[in-house]
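Notes for the one structure printed next.
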Amino acid sequence: MKQVTYKSIFFPGVKDVGQYIGMAWNYDHALLISTKPYDTYTEAQKELKEKCAQMGVELRWYDGEYKWDKVTEQIVPR
């Protein structure tokens, strides 16, 4: 089974569309998987696990939880 690195990204101040997005990737296999925005980390993680199972990949390396920094306009560790 192919393994993917994953992270969760928190977007503060966007509660009307959801604040958490899950992302997973494996550059060697050209894989990029993401979720739609959710209000909770748990919901985003659930969809990410489901999508990975459908694609036959395994969440393996956790790259941490990140947030969107509005000042620098970058994703930074939370």
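Observations on the model:
To keep it simple, each residue is scored yes or no on (1) farther than 11 Å from residue 20 by Cα; (2) surrounded by 13 or more Cβ atoms within 10 Å (Cβ to Cβ).
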position	(1), (2)
40	no, no
46	yes, yes
50	yes, no
56	yes, no
73	yes, no
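- Filtered residue count, region 34-78, keeping only those that are of a type in the set (A, V, I, L, M, F, W, C), in contact with a helix residue (DSSP H, G or I) (Cβ under 9 Å, 6 or more places away or on another chain) and over 12 Å from residue 7 (Cα atoms): 1
- Test: residue in region 4-19 that is at positive phi, crowded, with 16+ Cβ neighbours inside 10 Å and of a type outside the set (Asp, Glu): yes
- Residues (touching a residue at least 12 places away in the same chain (Cβ under 8 Å) and among the acidic types (Asp, Glu)) located in region 47-78: 47, 58, 63, 65
- Any hit, region 26-33, residues being on the phi > 0 side of the Ramachandran plot, out of contact with any helix residue (DSSP H, G or I) (no Cβ under 8 Å at 6 or more places or on another chain) and among the charged types (D, E, K, R): no
Laboratory data are not the source of any read-out in this text; all were calculated from the coordinates shown. Note that the structure is predicted; figures quoted are calculated from it, not measured. Cβ atoms come from the backbone with ideal geometry, glycine included; neighbour counts cover every protein chain shown.
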